[in-house]
1. In sequence order, what are the phi-derived ³J(HN,Hα) couplings for segment 153-167 according to the Karplus relation 6.51 cos²θ - 1.76 cosθ + 1.60 with θ = phi - 60°, rounded to whole Hz, with x for glycine and proline?
2. What accessible area per residue, rounded to a whole number of Å², is obtained for the chain using a probe radius of 1.4 Å?
3. In whole Hz, what ³J(HN,Hα) sequence does segment 20-33 give by Karplus (6.51, -1.76, 1.60; θ = phi - 60°), x for Gly and Pro?
4. Suppose the chain between ALA24 and LYS61 were pulled fully straight at 0.36 nm per residue; how much longer would it get relative to their current alpha carbon spacing?
5. Whole-Hz Karplus ³J(HN,Hα) for segment 175-191, in order, using 6.51 cos²θ - 1.76 cosθ + 1.60 and θ = phi - 60°, x for Gly and Pro?
6. If each of ARG178 and ARG72 carries a label point 7 Å out from its Cα toward its Cβ, how far apart are those two points in nm?
7. How much of the accessible area of the chain, probe 1.4 Å, is carbon plus sulfur, in whole percent?
8. Determine the calculated [θ] at 222 nm for the chain from helices alone, applying -39500 (n - 2.57) to every DSSP H run no shorter than 4 residues and normalising by the residue count; nearest 500 deg cm²/dmol.
Amino acid sequence: MKKRVAILISGGGSNMAALVRSMAAPDHPAQPVLVLANRPDAGGLHIANALGVPTAITDHKEFGDDRAGFERAMLRHLTEAAPDIICLAGFMRILSPIFVEQWRGGILNIHPSLLPKYPGLYTHERALAAGDAAHGASVHLVTSNLDAGPILGQISMPILPGDTAYSLALRLLPHEHRLYPEVLYRFALGDQSRLDLP
Ligand code: GRF
């Protein structure tokens, strides 16, 4: 039985698209069952539609400060889709410990830094400001500590003279698109050993 995968997005959804495309391989151990966005204008929703994956929206703005209400609304969509694995892919809301507990050990996230360096926002800026020679992305298990769950995979690339936060973000994306599908494939087979890609 293929593992059922729900993908949560907030924006362009290029990582989501890479994940969905990778699961199209006939012998893949997982299948996409839902793309859920917290913004009605998330560009990735069009891509998911074009790729034939069911989509849903839970607009966080409708809930104001009521994070529990927002998560309950997301949960309704997720319960219906019954995923085995939830992939956060550019999902820009922090999930409560209660939500994370509910799917314990089954939520993955991609983060644009070589964790444990630079959890949180502005990772490209921080790597540049620190004068780092390398930058990269990590896929990790989501726990209730932000960007601090066990690392399942990492990909790195050199920082070049003249790089800006923008050029780094742009150059990193294709690396993310290589890393995340690879980690998901292994994870769906039950392999949680760490993968390091150059
Ligand atoms: C990626 O860089 C991801 O690592 C970060 O946000 C970006 C999302 O891009 N969390 P996309 O929506 O997958 O194109």
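1. Once rounded to whole Hz, the list reads x, 8, 9, 10, 8, x, 8, 9, x, x, 4, 10, 4, 5, 5.
2. Working: 9540 Å² over 198 residues.
The answer is 48 Å² per residue.
3. Working through the residues one at a time gives 4, 4, 5, 6, 6, 4, x, 8, 6, x, 9, 9, x, 10 Hz.
4. On the way: separation 37, 0.36 × 37 = 13.32 nm, distance 3.32 nm.
Fully extending the segment from ALA24 to LYS61 adds 10.0 nm.
5. 5, 4, 5, 7, 5, 5, x, 5, 5, 4, 4, 5, 4, 5, 8, x, 8
6. My value for the distance between the label points is 4.6 nm.
7. Values: 5490 of 9540 Å².
Here it works out to 58 percent.
8. Values: 6 runs with 68 residues, N = 198.
Here the helix-only value at 222 nm equals -10500 deg cm²/dmol.
The values are calculated or read from the model by the stated rules, or taken from the named source; none is laboratory data. If you're wondering where the values come from, they're calculated on a predicted model, not measured in any experiment. Every residue, glycine as well, gets a Cβ built from its backbone with ideal geometry; the counts of neighbours run over all protein chains shown. Just so you know, the surface numbers come from the protein's heavy atoms only, side chains and all, with ligands and any DNA or RNA stripped out. Shrake-Rupley method; radii C 1.70, N 1.55, O 1.52, S 1.80 Å.
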